[in-house]
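The structure appears below as structure tokens.
FYI, it's all coordinate maths here, none of it is from the lab. These figures come from a predicted structure and were not determined experimentally. Positions of Cβ are generated from backbone atoms using ideal geometry, with glycine treated the same way; all protein chains shown enter the neighbour counts.
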Amino acid sequence: MPVPQQRGALDRHLLRDEAYAALRDAIVAGTLAPGEQLHDAELCAWLGLSRTPVRNALARLMDEGLVQTAPQRFTRVAPLRARDAHDLYPVLASLHALAAEHGTPRLTRADHALLRIENDAYMNALRARDGEAALAADERFHGVFVAAAANAEIERALARLEPCLHRMERLRDGVLPGRRALAQHEAIISRAAAGDASGTASATRENWLQVGGLAERSLGTRACEDAPHDAPA
């Protein structure tokens, strides 16, 4: 069978994905700041791409909640608000709890050892006030259950939410979890070691909700600090 002649379509998809990845990473890192106006001509010049892949990428980012648009008015990076954390973290808590419930019975001895390794890395990073390292270790810790659950729908749902989560983590003014989060990790590890799938899921949900509350309070404080002094209360 001859190879289909669809190179043009493939190239368009690759350009769209390239534009999406560059814009997503800039938004997550804060290079493109919350509320910043996005102009096609400037983005095309920056990325060295035509308008079509850039507009396609913006449409995808809008679907993921990272970009907002109002026809004939503006296209901008979505503001970062306490409400965003309020909406996001309960969904993450439910997805990770489901992964923990399904993954716990499938954990291997190596998985249990990896949970301890990643938790130690998380604890050491928090003590060193190294936010990037703490967030990375926490993601790997919970990722043990996601991998063990081997549920493609959970993985797809988490992948879609991941950019919003990463942006929120990096832009919440360096506020990190404390002793309560460490205790929750210990509860997750001990319940998983006992084969208690429902208990592991419950501890996982509590952990994500607690971190979400912290993010929500941090973003609420930031919004107050960023507001004009003469703004109404």
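Of note:
- MRE, 222 nm, helices only [DSSP H, n ≥ 4, -39500 (n - 2.57), over the chain, to nearest 500]: -24500 deg cm²/dmol
- Computed over Cα pairs, the Kirkwood radius of the chain leads via Stokes-Einstein (1.002 mPa s, 20 °C) to a diffusion coefficient of 109 µm² per second.
- Relative exposure of THR200, THR75, THR108, judged by other C-beta atoms within 10 Å (fewest first): THR108, THR75, THR200
- Mean separation of Cα contacts under 8 Å, 6 or more apart, over the residue count of the chain: relative contact order %: 25
- Here the Karplus relation 6.51 cos²θ - 1.76 cosθ + 1.60, evaluated at θ = phi - 60°, turns the backbone of the range 162-169 into coupling constants of 4, x, 5, 5, 5, 5, 5, 5 Hz, with x for every Gly and Pro.
- Amide proton proximity set for GLY35, modelled H, under 5 Å, gap of 5+: VAL77, ALA78
- One equal scatterer on each Cα of the range 9-65, no solvent, Debye formula: the resulting log10 I(q)/I(0) at q = 0.22 Å⁻¹ is -0.82.
- A Förster radius of 41 Å combined with the Cβ-Cβ distance from GLU186 to ARG55 puts the calculated FRET efficiency at roughly 0.30.
- Neighbour count of at most 13 Cβ within 10 Å plus DSSP loop: longest trypsin sites (Lys or Arg not before Pro)-free window in the chain: 130-233
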